[in-house]
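These notes are about the structure you will find just below.
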Amino acid sequence: MPPDDQLLLAALAFVIVAKVLVLATLPLPRRRRRPSMQHQAKPVSVPADDGDARTAAAIEAFVAQVAADAAGGIRPPSPSEVMARRRAVLTGAIDEPTAGPPASDAPKPATRLAPAPPRPSSASVADLAGLGGRATWDRAVREESARAARFGRPVTVVMAELPDLDHLADHLGRDVADRVVVETARLLSSEGRAVDRIAWLGAARFGVLLLETEETRAPGYVDRVRATADDWLQSAGLTIRLSLGWASPADGSDVFAATTLARQRMHDAGRASRAVRGIR
Amino acid sequence: MRTIAVVNRKGGSGKTTTAVNVAAALAQRGLATLLIDLDPQGSATAWLAEPSDDRGPFDALVGKRDLAATAVTTRVPGLEIVRSSAWLLTAEQTLRGDMSVGVMRAVGRLRPDWAFVIIDCPPSLSYLSVGALMGVREVVIPVEAHAIALPGAAAVVREISRLQSSLNPVLWDPLIVACRVNRTVHAREVVAELDRRYGWLLARSSIRESIRFAEAEAARMPITTFAPDSGACLDYRAFTDELLERHEQSQPSPRPVPRWRRLFTRSSHAAALKRRAV
């Protein structure tokens, strides 16, 4: 090979090797990531600061532990259980990132409910829920007032209401609203004791008499009911929430006055809840 | 800036009286003090300022406003108060753990415009109280000098210890102060029992029972203004001195004196009781 050609070949080889070395040391350009389906599938926004949510869950577990110690041994939820429940409430019961359907294809809330039981023409919601009505409630309050006045035993009145039920019925139908009322009634009964007296007071309101229970101990029942109701309503895709208020007769007052106070606190709780959720 | 929460589960133990009068005593020493009334009953608010039902404190505790902006001045120069609101009760029921985080963040975001921030907590270990305990470094537990108060005090000390290990490691060991100490043998025995159980956690000063506190509250003035020469005021001044001295002496919490050693060491409180008896 002539020397010029050799020189040319050597120069070419040098350039190629140099280029390979330079390319090897340079950082690779980042590939633009295509948005994955799992991010598109997330239908509800997650709270911006998950650390605060974890802290709040730890606090709720701590307070539950304190209350359990005071009550004598009921197992409180662990922080992980509280966190899981909060996450289910906030993200629509989706715990793992899965490639679910886009939000627009999500099933309508009405279809997620189990079909309502066949309703006799003359049956009332109270009959379906197995509770007494207004007359039963009035009699129970009179009896408890007399018992409290005579024996001085503690009693706490809990008032529960589904404040946006008419709105729900307008949008999803009366059957769905009745179903919600029946399930709420079953929830209030199942979380209480056999001695507690529960009645349906019409529309979306319930009254509960917690016998032998002081006002400071009522939050145990109220918290259980609220948590279970929130879980169920959230998983059913409903935006309404159960409002609860409770009160015990103060010195010199009776159960009727406590009922009025509990109702007022229930309304206040409902207003605060709607304010927090940004609902007018 | 020192942050102190005044907490006890039992109502009537002297939390509000202690919070208000210690805050006033500090302000009178020239130390700018902020009193935060977290009790929805609003006793401290009614004592020092005009009750108000605006949403300002509530908005501050949920992060929508600066807590310092909701402070109002009182009749005591150098003492400001963040007033309580009825919104706190319903907010606590609704927000629960989020309320605690809100309180913690609001206290943590306070600028060091005050030398002391004192928080009057509700009479229960609720979400508001836990939030306050997570935002402060010091805790004062007023305990009534009555046997019925002892189990509650034990429960609070235990819960604070649990909170120190799980939620707020920088929280100092609590300072217990015996309140409503009258001249009965029973009260002296209760104080001795507190000393036996809690040793160095118990403040050397104790607060006597006095009708002057109720009179001062009715006049809407702290005891340091209403009756500056009264024994009750002197008790709170002595306790305030002890608070100031405590900060200078101890940073990390010293270990409690073992029980067997207490047999051989003279109880400082027993000595103080003897001096008072003489």
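The values are calculated or read from the model by the stated rules, or taken from the named source; none is laboratory data. Everything quoted here is computed from the prediction, not taken from an experiment. Don't worry about glycine lacking a Cβ; one is built from the backbone with ideal geometry, like all the others, and counts go over all protein chains shown.
Out of B:Arg75, B:Arg65, one residue alone is of a type in the set (Lys, Arg) and at pLDDT below 85. It is B:Arg65.
Taking segment B:141-157 as the range and being in contact with a Pro (Cβ under 7 Å, 6 or more places away or on another chain) and buried (at least 24 other Cβ atoms within 10 Å of the Cβ) as the test, only B:Ile141 passes. Inspect segment B:5-20 for any residue being farther than 21 Å from B:Ala216 by Cβ, crowded, with 24+ Cβ neighbours inside 10 Å, modelled with pLDDT of 90 or more and not polar (S, T, N, Q) and give the result as yes or no. Yes, there is a match, as at least one residue in segment B:5-20 is farther than 21 Å from B:Ala216 by Cβ, crowded, with 24+ Cβ neighbours inside 10 Å, modelled with pLDDT of 90 or more and not polar (S, T, N, Q).
Restricting attention to segment B:32-89, the residues being assigned to a strand (DSSP E or B) and within 25 Å of A:Arg265 (Cβ to Cβ) number 3.
Can you list the helices (runs of 4 or more DSSP H) found entirely within segment A:162-280 that contain at least 2 residues being within 14 Å of chain B (Cβ to nearest Cβ)?
A:218-235, A:255-277
Being closer than 28 Å to A:Ala149 by Cα, under 19 Å from the mean Cα position of the chain (by Cα) and acidic (Asp, Glu) is a property that does not hold for A:Glu214.
Hey, does segment B:51-62 have a residue that's free of Cβ contacts under 8 Å to residues at least 24 places away in the same chain, in contact with a Lys or Arg (Cβ under 6 Å, 6 or more places away or on another chain) and surrounded by fewer than 24 Cβ atoms within 10 Å (Cβ to Cβ)? Looking through segment B:51-62, at least one residue is free of Cβ contacts under 8 Å to residues at least 24 places away in the same chain, in contact with a Lys or Arg (Cβ under 6 Å, 6 or more places away or on another chain) and surrounded by fewer than 24 Cβ atoms within 10 Å (Cβ to Cβ). On inspection, A:Ala218 does not qualify as in contact (Cβ under 8 Å) with a residue 24 or more places away in the chain, on the phi > 0 side of the Ramachandran plot and in contact with a Leu (Cβ under 8 Å, 6 or more places away or on another chain).
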